[in-house]
Amino acid sequence: MNVYQCCDKIRELYSLIGSGDQGYIPKAIGCAVKALNDVASNESLPDDVRDNAAFAAANLLISDFED
């Protein structure tokens, strides 16, 4: 997946980070896992959204992720 396949919100932040207007996080996988964990643990969200976030986080953790 590339940035052009992502939603407007992601593309906007990508542009801001690339230009230096928004902070860059060197350990981006850890940031992603934390964000996905926040979504997966939010009981106010639909189960399918939480399941997708949990699946993505688990796959990141099993991959080459080292923080």
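The values are calculated or read from the model by the stated rules, or taken from the named source; none is laboratory data. In this text, all values refer to a predicted model and were calculated from it rather than measured experimentally. Note that we place each Cβ from the backbone using ideal geometry, even for glycine, and neighbour counts take in every protein chain shown.
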* State which residue pairs qualify: first residue within 16 Å of A35 (Cβ to Cβ) and inside segment 1-17, second residue at pLDDT below 95 and surrounded by fewer than 10 Cβ atoms within 10 Å (Cβ to Cβ) in any location, beta carbons under 9 Å apart, and separation of 6 or more residues or different chains. => I17/G23; I17/Y24
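Of everything in segment 6-56 that's β-branched (V, I, T) and modelled with pLDDT under 90, which residue is farthest from the chain's Cα centre (by Cα)?
So the first thing to find is which residues in segment 6-56 are β-branched (V, I, T), and the list is 10, 17, 25, 29, 33, 39, 49.
If we keep only those that are modelled with pLDDT under 90 as well, we get 25, 29.
On the way: I25: 12, I29: 8 Å.
The residue in question is I25.
Surrounded by 14 or more Cβ atoms within 10 Å (Cβ to Cβ) and either touching a Gly at 6+ places or on another chain (Cβ under 8 Å) or among the hydrophobic types (A, V, I, L, M, F, W, C) (or both): which single residue out of I29, I10, I62 fits that description?
Working: I10 fails: surrounded by 14 or more Cβ atoms within 10 Å (Cβ to Cβ); I62 fails: surrounded by 14 or more Cβ atoms within 10 Å (Cβ to Cβ).
Only one candidate qualifies: I29.
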